[in-house]
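Participant: Handing you a structure now.
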Amino acid sequence: MSVIIIIGDGMADEPIPQLGNKTPLQVAHTPNMDYLATHGQTGLLKTVPDGWEVGSDVANLSILGYDVNQIYQGRSAFEAASLGIQLQGDELALRCNLITIEQDKITSFTADHISTEEAIVLLDCLNSHFQSKGFKFHVGEYYRHLLVCPSYEPTLTKSKSFLVGTSPHNALDLTKDHLYLKASIPEAEDLANKLNTLILESQAVLAKHPINLKRISDGKKPANAISLWSPGFTPHMNPLKSFLPITTGSVISAVDLIKGIGIYAGLKVIEVAGATGRTNTNYEGKVQAAIQALQTDDFVWLHLEASDEASHDGDFQLKIKTIEDLDSRVIQPLLEATKNWENPPLIAVLPDHPTSSLSKIHLDQKVPFIIYHPSITPDIVRAYNETSCLEGLYKMEEGTDFIPLLFRIEKEVL
């Protein structure tokens, strides 16, 4: 039997007045997830340990069974791995968003969803200006990119938090001063100063670039600034097979962070044409890749970003659509394809964290989850949402307990 975890990134939410004080997950038409809840077991899971900023890096690592207090060295090292970048020695990676500043305020953390093709040109320009100083920009997808720079002090690799900054998706409508980094230990002062100079000087370079001048003339927001955040060194992670009863596994995602975590976890990255990490992603291609992988692999991790993107845009109607798309274009075909297998997979569905469509930021709350297999003994829950799962079988306080639970259930129903 194989196990599949399906992550609807940011799918959970808080009650929204315009929806009658219901969440998008409560309002969305989700007959297939409701079927899984009715015939499976449900509960709530705390995916982010106390003291950690709520983010997909920490949450997904916890769901996979990793203790972030022991292995976490920053999310950017995972993104580097996804881009094929091997950090050398104490090289430091930072996530680099192309963003928009207007009237000294951060008005878009995606630069109005800039295209990858435009981003390539802009980052080439930045590299020509700053590479001689030891900095190197690497192209990712759309607005999500990476900066690699030398580590200026070996002590930094032993510190869990040496630079303090604001994630750009948590800085919307704040002043551009929130872009700048602060050293939390004396050894990081020099690095913080150099990175802040880079942030400031890049604004002057980007503001006059022809790409941005054309975007403005076309009525689009310019990518006229960079946001540097979540610095990371190479993490010291053991593969999943070292502590789970699996031999082979795969990850399917359009997001560099998720693919990079998969690489460090010893999973095979399956690339799907048309997978964008947005609401226009290739749902059909992703689920077909998952169905195929389930026929050969012990474990499949399928990640869909669209609900989180809609939440950060404050578009709860679009978020409802992304949830319904996941239900009808992922869950339904997965169930149809596997229902007659001699050994159908164990299926888990959950968000990594809630994301508010009101405040547009991640929420530090537990997430609802489903565990389903045709042979499982159901609990009393008959619908999948934040409220119904309060009555579920499980109240889990440690994210790292989730994946061992899946494999215990898998063993029981074999």
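Participant: Which residues, counting only those in segment 210-241, are among the β-branched types (Val, Ile, Thr) and farther than 30 Å from residue 406 by Cα?
Facilitator: Just the residues of segment 210-241 that are among the β-branched types (Val, Ile, Thr), to begin with: 211, 216, 226, 234.
Selection gives 211, 216, 226.
Participant: Are any of the residues in segment 177-199 modelled with pLDDT of 90 or more, open to solvent by less than 60 Å² (accessible area, probe 1.4 Å), among the polar types (S, T, N, Q) and farther than 22 Å from residue 85 by Cβ?
Facilitator: There is at least one residue in segment 177-199 that is modelled with pLDDT of 90 or more, open to solvent by less than 60 Å² (accessible area, probe 1.4 Å), among the polar types (S, T, N, Q) and farther than 22 Å from residue 85 by Cβ.
Participant: Check segment 257-265 and report whether any residue there is touching a residue at least 60 places away in the same chain (Cβ under 8 Å), open to solvent by 10 Å² or more (accessible area, probe 1.4 Å), under 30 Å from residue 19 (Cα atoms) and of a type in the set (Val, Ile, Thr).
Facilitator: There is no residue in segment 257-265 that is touching a residue at least 60 places away in the same chain (Cβ under 8 Å), open to solvent by 10 Å² or more (accessible area, probe 1.4 Å), under 30 Å from residue 19 (Cα atoms) and of a type in the set (Val, Ile, Thr).
Participant: Same structure, new question: Here's a check for you: in segment 14-49, which residue that is over 24 Å from the mean Cα position of the chain (by Cα) and more than 23 Å from residue 331 (Cα to Cα) is least open to solvent (accessible area, probe 1.4 Å)?
Facilitator: 19
Participant: Still on this structure, I have one more. Is there a residue in segment 386-401 that is β-branched (Val, Ile, Thr) and in a helix (DSSP H, G or I)? Lay out the reasoning, then the answer.
Facilitator: Kept after step one, since they are β-branched (Val, Ile, Thr), are these residues of segment 386-401: 387, 400.
The next check asks that each one be in a helix (DSSP H, G or I); those that pass are 400.
Within segment 386-401 (the criterion being β-branched (Val, Ile, Thr) and in a helix (DSSP H, G or I)), the answer is yes, since at least one residue qualifies.
Participant: Pull up segment 280-314, narrow it to residues that are open to solvent by 50 Å² or more (accessible area, probe 1.4 Å), in contact (Cβ under 8 Å) with a residue 24 or more places away in the chain and in contact with a helix residue (DSSP H, G or I) (Cβ under 9 Å, 6 or more places away or on another chain), then point me to the one that is farthest from residue 251 (Cα to Cα).
Facilitator: Across segment 280-314, the extreme among qualifying residues is 313.
Participant: OK, next. For segment 67-81, which residues satisfy the criterion of being open to solvent by less than 30 Å² (accessible area, probe 1.4 Å), touching a Ser or Thr at 6+ places or on another chain (Cβ under 7 Å) and either free of Cβ contacts under 8 Å to residues at least 12 places away in the same chain or not basic (Lys, Arg) (or both)? Working first, answer last.
Facilitator: So in segment 67-81, the residues open to solvent by less than 30 Å² (accessible area, probe 1.4 Å) come out as 68, 71-72, 74-81.
Subset that is touching a Ser or Thr at 6+ places or on another chain (Cβ under 7 Å): 68, 74-77.
Result: 68, 74, 76, 77.
Participant: For segment 376-398, state whether one or more residues are surrounded by 20 or more Cβ atoms within 10 Å (Cβ to Cβ), polar (S, T, N, Q) and within 27 Å of residue 171 (Cβ to Cβ). Steps first, please.
Facilitator: Our first condition is that a residue be surrounded by 20 or more Cβ atoms within 10 Å (Cβ to Cβ); within segment 376-398, this holds for 381, 384-386, 389, 392.
In the following step, the residues that additionally are polar (S, T, N, Q) were identified as 385.
Next, only the ones that are within 27 Å of residue 171 (Cβ to Cβ) stay: none.
Looking for residues that are surrounded by 20 or more Cβ atoms within 10 Å (Cβ to Cβ), polar (S, T, N, Q) and within 27 Å of residue 171 (Cβ to Cβ), one finds none in segment 376-398, hence no.
Participant: Determine if segment 184-199 includes at least one residue that is among the basic types (Lys, Arg) and under 27 Å from the mean Cα position of the chain (by Cα).
Facilitator: To start, the set of residues in segment 184-199 that are among the basic types (Lys, Arg) comprises 194.
Then keep just the ones that are under 27 Å from the mean Cα position of the chain (by Cα); that gives none.
For segment 184-199, residues among the basic types (Lys, Arg) and under 27 Å from the mean Cα position of the chain (by Cα): absent.
Participant: Moving to a separate point now. Have a look at 84, 89 and point out the one that is closer than 26 Å to residue 66 by Cα, outside any strand (DSSP E or B), open to solvent by 10 Å² or more (accessible area, probe 1.4 Å) and without any contact (Cβ under 8 Å) to a residue 60 or more places away in the chain.
Facilitator: Numbers: 89 fails: without any contact (Cβ under 8 Å) to a residue 60 or more places away in the chain.
Of 84, 89, the one residue that is closer than 26 Å to residue 66 by Cα, outside any strand (DSSP E or B), open to solvent by 10 Å² or more (accessible area, probe 1.4 Å) and without any contact (Cβ under 8 Å) to a residue 60 or more places away in the chain is 84.
Participant: Right, next: Taking the residues in segment 332-345 that are polar (S, T, N, Q) and open to solvent by 10 Å² or more (accessible area, probe 1.4 Å) as candidates, determine which candidate is nearest to residue 34 (Cα to Cα).
Facilitator: Restricting attention to segment 332-345, the residues satisfying the condition of being polar (S, T, N, Q) are 332, 338, 340, 343.
Filter once more, keeping what is open to solvent by 10 Å² or more (accessible area, probe 1.4 Å): 332, 340, 343.
Values: 332: 11, 340: 20, 343: 22 Å.
Per the stated criteria, the residue is 332.
Participant: Tell me which residues, restricted to segment 346-366, are in a strand (DSSP E or B), aliphatic (A, V, I, L, M) and farther than 14 Å from residue 37 by Cβ. Don't jump to the end; show me each part of the working.
Facilitator: Filtering segment 346-366 down to residues in a strand (DSSP E or B) leaves 346-350, 355, 362.
Keeping just the survivors that are aliphatic (A, V, I, L, M) gives 346-350.
The answer is 346, and nothing else.
Participant: Looking at 408, 329, which is the one that is modelled with pLDDT of 95 or more, touching a helix residue (DSSP H, G or I) at 6+ places or on another chain (Cβ under 7 Å) and open to solvent by 10 Å² or more (accessible area, probe 1.4 Å)?
Facilitator: Working: 408 fails: touching a helix residue (DSSP H, G or I) at 6+ places or on another chain (Cβ under 7 Å).
Of 408, 329, the one residue that is modelled with pLDDT of 95 or more, touching a helix residue (DSSP H, G or I) at 6+ places or on another chain (Cβ under 7 Å) and open to solvent by 10 Å² or more (accessible area, probe 1.4 Å) is 329.
Participant: Taking the stated definitions as given, is residue 266 of a type in the set (Gly, Ala, Ser) and farther than 17 Å from residue 348 by Cα? Working first, answer last.
Facilitator: Numbers: of a type in the set (Gly, Ala, Ser): yes; farther than 17 Å from residue 348 by Cα: yes.
Against the criterion (of a type in the set (Gly, Ala, Ser) and farther than 17 Å from residue 348 by Cα), residue 266 qualifies.
Participant: Filter segment 48-75 down to the residues that are of a type in the set (Gly, Ala, Ser), more than 16 Å from residue 403 (Cα to Cα) and part of a loop (DSSP other than H, G, I, E, B) and list them by number. Walk me through it before giving the result.
Facilitator: Narrowing segment 48-75 to residues of a type in the set (Gly, Ala, Ser): 51, 55-56, 59, 62, 65, 74.
Then drop every residue that is not more than 16 Å from residue 403 (Cα to Cα), which leaves 51, 55-56, 74.
Residues satisfying the conditions are 51, 55, 74.
Participant: Could you grab me the full set of residues in segment 92-117 that are open to solvent by 40 Å² or more (accessible area, probe 1.4 Å) and not in a strand (DSSP E or B)?
Facilitator: Listed by number, the residues that qualify are 103, 104, 112, 113, 117.
Participant: Now, a different point. Looking at (1) under 18 Å from residue 81 (Cα atoms); (2) in a helix (DSSP H, G or I), which is the only condition residue 250 fails?
Facilitator: (2)
Participant: Still on this model: Using the structure shown, decide if residue 223 is among the small types (Gly, Ala, Ser), within 20 Å of residue 96 (Cα to Cα), open to solvent by less than 60 Å² (accessible area, probe 1.4 Å) and at pLDDT 95 or above.
Facilitator: yes
The values are calculated or read from the model by the stated rules, or taken from the named source; none is laboratory data. Since this is a predicted model, take the numbers as computed values, not measurements. Because the Cβ atoms are built from the backbone with ideal geometry, glycine has one as well, and the counts that use them run over all protein chains shown. Just the protein is used for accessible areas: all its heavy atoms, side chains included, with ligands, DNA and RNA removed. Shrake-Rupley method; radii C 1.70, N 1.55, O 1.52, S 1.80 Å.
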